[in-house]
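What follows is a single structure, written as structure tokens, with notes after it.
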Amino acid sequence: MNYSDIKFTDMINGKGIRVTLFVSGCSHRCKGCFNKETWNSEYGVPFTKDIQENILEYFERFNSSMKGLSLLGGDPTYHKNVETLKDFCTEFKRRFPKKDIWIWSGFTWEQIITDPKKYELLKLCDVLIDGKFMEELKDVNLKWRGSSNQRVIDVQSTIKNNNE
């Protein structure tokens with residue numbers, strides 16, 4: 001998996017102060033996308049164990065001020081990203097069980113839960129912003145999403161309610 005950027009003190013992509021990882025690879029190719037260069041899964045640099053450890057060590061150093069991790073792209077649920085991010089999120093949750101993980105995907109909740117690998121990644125997350133960006137539904141007043149078709153989903157509550 002490649003990534004295009006890491007923002008170590010991001011307050012835009014989710015609640016609180018966060019580390020945001022922008023991964024490469026996206027099959028949606030949404031008209032008006034703000035991050036077109038990340039459509040190509042080869043864009044950026046490889047996400048290595050050293051990079052992963054740098055992020056985790058950052059959380060250890062600034063634990064009290066950090067709210068969580070945000071995964072954007074590209075698309076974190078793009079097939080080439082899923083396994084690497086699942087391993088990363090598993091380690092993140094092991095070390096920081098009280099921190100949250102937000103994830104953005106051009107796929108909808110309904111599409112993700114039908115794919116076992118994507119669903120395994122999603123189950124490690126706390127908030128999903130789902131759906132393709134649609135330029136004709138763009139709304140700059142929305143929090144954490146670019147267009148009104150996208151939803152902000154509490155993953156853990158939704159999983160719990162669907163299993164009851």
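Values in this text are rule-based calculations from the coordinates and carry no lab data. The structure displayed is predicted, hence computed values, not measured ones. A quick note on method: Cβ atoms are made from the backbone with ideal geometry, for glycine too, and the neighbour counts reach across all protein chains shown.
Numbers for the structure displayed
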{"read-out": "Label-to-label distance, nm, for residues given as residue 158 and residue 119 (7 Å Cα→Cβ offset)", "value": "1.3"}
{"read-out": "Phi to ³J(HN,Hα) by Karplus 6.51 cos²θ - 1.76 cosθ + 1.60 over the range 100-105, Hz, x for Gly, Pro", "value": "9, 10, 9, 9, 10, 9"}
{"read-out": "Amide H contacts of residue 2 (H built 1.01 Å from N, under 5 Å, at least 5 apart or other chain)", "value": "24, 47"}
{"read-out": "Long-range amide H partners of residue 144 with built H, under 5 Å", "value": "none"}
{"read-out": "Rounded to whole Hz, the Karplus (6.51, -1.76, 1.60) HN-Hα couplings of the range 41-53, x for glycine and proline", "value": "5, 8, 5, x, 10, x, 8, 9, 4, 5, 5, 4, 5"}
{"read-out": "Label zone at residue 65, where the point sits 7 Å out along the Cα-to-Cβ direction: the range 1-31 residues whose backbone N lies under 17 Å", "value": "7-13, 15-20"}
{"read-out": "Helix-only [θ]222 nm of the chain, DSSP H runs n ≥ 4, -39500 (n - 2.57) each, per residue, nearest 500", "value": "-8000 deg cm²/dmol"}
{"read-out": "Fraction of beta bridges assigned by DSSP in the range 7-164 that are antiparallel (%, nearest 5)", "value": "35"}
{"read-out": "Highest average packing first - 150-156, 53-59, 110-116, 98-104, Cβ atoms within 10 Å", "value": "98-104, 150-156, 53-59, 110-116"}
{"read-out": "Estimated vicinal HN-Hα couplings, Hz - the range 122-137 in sequence order (Karplus 6.51, -1.76, 1.60; Gly, Pro = x)", "value": "4, 5, 7, 9, 10, 9, 10, 9, 10, x, 5, 6, 10, 3, 6, 10"}
{"read-out": "Per-peptide average of other Cβ atoms within 10 Å, ordering 13-21, 72-80 highest first", "value": "72-80, 13-21"}
